[in-house]
1. Which numbered condition trips up residue 58, out of (1) over 30 Å from residue 136 (Cα atoms); (2) surrounded by 12 or more Cβ atoms within 10 Å (Cβ to Cβ); (3) under 24 Å from the mean Cα position of the chain (by Cα); (4) of a type in the set (A, V, I, L, M, F, W, C)?
2. Using the structure shown, decide if residue 95 is in a strand (DSSP E or B) and charged (D, E, K, R).
3. How many residues, within the stretch 98-121, are crowded, with 22+ Cβ neighbours inside 10 Å and free of Cβ contacts under 8 Å to residues at least 60 places away in the same chain?
4. Output yes when any residue across the stretch 193-205 is under 19 Å from residue 291 (Cβ atoms), crowded, with 16+ Cβ neighbours inside 10 Å and over 12 Å from the mean Cα position of the chain (by Cα), and no when none is.
5. For residue 130, state whether it is of a type outside the set (Lys, Arg), touching a residue at least 60 places away in the same chain (Cβ under 8 Å) and either touching a Leu at 6+ places or on another chain (Cβ under 7 Å) or on the phi < 0 side of the Ramachandran plot (or both).
6. Does the stretch 317-324 include one or more residues that are surrounded by fewer than 17 Cβ atoms within 10 Å (Cβ to Cβ) and either farther than 22 Å from residue 159 by Cβ or at pLDDT below 95 (or both)?
7. Looking at the stretch 239-335, what helices (runs of 4 or more DSSP H) fall wholly within it and have at least 1 residues that are within 16 Å of residue 129 (Cβ to Cβ) and among the acidic types (Asp, Glu)?
8. Which residues, taken from the stretch 145-163, are under 18 Å from the mean Cα position of the chain (by Cα) and not charged (D, E, K, R)?
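The values are calculated or read from the model by the stated rules, or taken from the named source; none is laboratory data. From a predicted model like this one, the values you see are computed outputs, not experimental measurements. Because the Cβ atoms are built from the backbone with ideal geometry, glycine has one as well, and the counts that use them run over all protein chains shown.
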Amino acid sequence: MENPCRSLDAARALMMHAAGFVLAVSLTGCQPAAVARAEAADDEPGWRWSDERVEATVNAVRAGRDLQPDAWPGGARVAVLLSFDVDNETVTGLRFGDATVGSLSQGQYGARVALPRVLDLLDEKGVPASFFTPAVSFRLNPHQIDLIQAAGHHEIGVHGWIHELNSSLEADEERALLERAVSYLTEATGVRPLGYRAPSWNFSPNTLDIIREMGFLYDSSLMADDRPYEINQNGVPTGMIELPVEWIMDDAPVLNPRGSGYTNPREVLQVWKDEFDVAYAEGTMFLHTMHPHYIGHRSRIVVLEELIDYIQGHEGVWFATHLQAAQYVKDQAGL
């Protein structure tokens, strides 16, 4: 008998890029084993927790001090950090082990057509960007490395091994996969990645310890601010810089034509412009996450081009990689 949970293939791959997939699978009654284990181990609702447990849970990983600098390099008013998660086949079937030929072909489009199209646009506009990748994505499509590095000013960060659901893993397995990813990317690119983005925009109870032990300069997975901040662990500053993400600033939920949140790309463009306008007025940071296999399609790349043109029409804009921003923030804060 066919496992009914396998019918979630497309939804998992396209919609549940991050922790939000737990909600979707619970609505269908199909729970991954890791989620079921977690619920079996602790089914106490929060209203029955002690005050101490509430505080311990909240303080395990929490935003610490604001690291927003007084000004960005060259007196710029706003920092613009464009990033692309180069997921390809890993998120369109491989990570849950339920790949189909059709889903894999969608991922291949990202490497075959979309990434070159994105890079051509960035080159035309003279804009640097950060590319976070599951290592398997580069193993399957190694030509992507040369494409990204050709411009000489892009950053490659790590996004797990195979876009694994790191928040569900035991510490040893999570660490082993990340070490494997870093080792491969370091050898393949010639540069050891210093930026980490959790494959599912979520931490396990062990993730912060692991990335600190492995010497990452910054993380870009959490959502406690619009500005860079220092991560606190159990109330203690860690020195780890967070460059926060946000679902509003992610193309995956809104540009997936099979998703419940699909939105006309022109309407999405207006949201992103509004986000930039407020970041510019506040003098803070505009961090945008995209995926080549979404934004790199013909009807979407024109939206990215219009967004870049709009931003470049303002004075005092610093386009930077996440690594450049993290290093600048670190120096300004004296970390």
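1. (2)
2. Numbers: in a strand (DSSP E or B): no; charged (D, E, K, R): yes.
Considered against the rule, which asks whether it is in a strand (DSSP E or B) and charged (D, E, K, R), residue 95 comes out as no.
3. Start the filter on the stretch 98-121 by keeping residues that are crowded, with 22+ Cβ neighbours inside 10 Å, which leaves 107, 110-111, 114-115, 118.
Cutting the leftovers down to free of Cβ contacts under 8 Å to residues at least 60 places away in the same chain gives us none.
The qualifying residues number 0.
4. So in the stretch 193-205, the residues under 19 Å from residue 291 (Cβ atoms) come out as 193, 195-202.
Now narrow it down to the ones that are crowded, with 16+ Cβ neighbours inside 10 Å: 193, 195-202.
From what is left, the residues that are over 12 Å from the mean Cα position of the chain (by Cα) are 193.
Yes.
5. Numbers: of a type outside the set (Lys, Arg): yes; touching a residue at least 60 places away in the same chain (Cβ under 8 Å): yes; either touching a Leu at 6+ places or on another chain (Cβ under 7 Å) or on the phi < 0 side of the Ramachandran plot (or both): yes.
Yes: the conditions hold for residue 130.
6. Residues of the stretch 317-324 surrounded by fewer than 17 Cβ atoms within 10 Å (Cβ to Cβ): none.
No; the residues of the stretch 317-324 include none that is surrounded by fewer than 17 Cβ atoms within 10 Å (Cβ to Cβ) and either farther than 22 Å from residue 159 by Cβ or at pLDDT below 95 (or both).
7. Values: elements: 251-255, 265-282, 292-295, 298-312, 322-333.
Correct list: 251-255, 298-312.
8. Taking the stretch 145-163 first, the residues under 18 Å from the mean Cα position of the chain (by Cα) are 148, 154-163.
Those that are under 18 Å from the mean Cα position of the chain (by Cα) and not charged (D, E, K, R): 148, 154, 156, 157, 158, 159, 160, 161, 162, 163.
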